[in-house]
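Report on the structure given below.
The values are calculated or read from the model by the stated rules, or taken from the named source; none is laboratory data. Predicted model, so just to flag it, every value in this text is computed and none were measured. In this analysis, Cβ positions are derived from the backbone assuming ideal geometry, glycine residues included, and neighbour counts consider all displayed protein chains. Surface accessibility is based on the protein's heavy atoms, side chains included, excluding ligands, DNA and RNA. Shrake-Rupley method; radii C 1.70, N 1.55, O 1.52, S 1.80 Å.
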Amino acid sequence: MVDLERSPPSSNSGLLRKRRRAKVACESCRTRKRKCDGQEPCGTCVQLEYDCHYGLTLKAPKRTPETPRGGQASTDAAEPPGTGQNPVADTSNTAEPPYLLNLENHARIYESESQATYPLFLHSQAEPSSCACLSLLYLMMEQLRAKDRIAVPGDLVLLRNCVSSSKQVLYCQECPRRYLSIVQNGTMLGVLCMCIAACYARALETIDAEMKRASDANERKQLCISTSNPEALHDPSSLGNVLSSFSVDIAASEWASIMRRTVKVEIFGSESSKENSFMTFIDTLQERQRGWHQTPPAPDCPSTYRSLCDMTGPEPVCLAIVNEAKKLVNSFKF
């Protein structure tokens, strides 16, 4: 008969020996999947100057009389950290998971790794720009991009304000001082012109679709007529200063005809006032870009930027974009 009490537990002792021989990787090496020697600090972190630390959940709990063989710590008693271990906070009585308690260490690791990986990108600081032209252009293009549908006549005010705000970029005195600012200013203004032209095209499509819907439903359209100072129409601060308004009931076809003429005036202007129209802005932008290419305003402009802007050479990209916007507008049927 075999004496179970005196026979050595070969399977359990082998498992314990394997656990004693196993090495636990530190958090930095485990995250980056590098070889770790288990020292504190380990050789890899010392060589790469990483923050070496060991997570509390990665180390096997020390066997105590209160700890069962399954490895689960007893809730009745908790063992203080040993003298040879890293001093870590006791998380047995906290509701926060261990990985949330090491957020500061993870933040330091990420910061040190980023600085080691992209040192030139992080430490090089560009000179602060004295104008906000690029930000203004992106904001206006984002406003237009977010419009799923161009409402008429409501969104015509948005397009008018975009043209009015673009004049600040057109006449900016800071952008012509550096070559990259010149390229950004001219190219992005051309892209904005394409966006505005595309929105006017969608406005005409909205007019046609609304006329068809109202005609099929035998529905009449309401037209609001307001009286205000004509000179204040292109002033965003005076848009709400309406003296009086009237509402008339008209047929859908008549409403569509009036709306098309309204879009046409917004694009080309009226006989008495064309300076605030969209096409006047495009013509002014083309004239400015030709002047910049013929006589570059910035001293750091390369020789390739200079162009006569005639039929003998290739057309500059900025002028090509503006010409595409102009072609789109000229294809409209009012």
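Roughly to the nearest percent, how much of the accessible area of the stretch 281-326 is carbon and sulfur, given a 1.4 Å probe? That fraction is 57 percent. Net charge in the neighbourhood of SER257 (other residues with Cβ under 12 Å of its Cβ; Lys, Arg +1, Asp, Glu -1) is +2. Net charge within 13 Å of LEU137 by Cβ-Cβ distance, Lys/Arg positive one each and Asp/Glu negative one each, not counting LEU137 itself? Residues close to LEU137 contribute a combined charge of +1.
Under 15 Å from the Cβ of LYS221, count the other residues' Cβ atoms, weight Lys and Arg +1, Asp and Glu -1, and hand me the total. For residues surrounding LYS221, the net value is -1. For GLU275, the accessible surface of its heavy atoms amounts to roughly 130 Å² (probe 1.4 Å, protein chains only, rounded to the nearest 10). Remark: for residue pairs LYS221/LYS327; LYS221/LYS264; LYS221/LYS326; LYS274/LYS333; LYS167/LYS221, the C-alpha separation exceeds 29 Å in LYS221/LYS327; LYS221/LYS326; LYS167/LYS221. Length available on full extension from PHE268 to ALA146: 0.36 nm per residue minus the Cα-Cα distance, which gives 41.4 nm.
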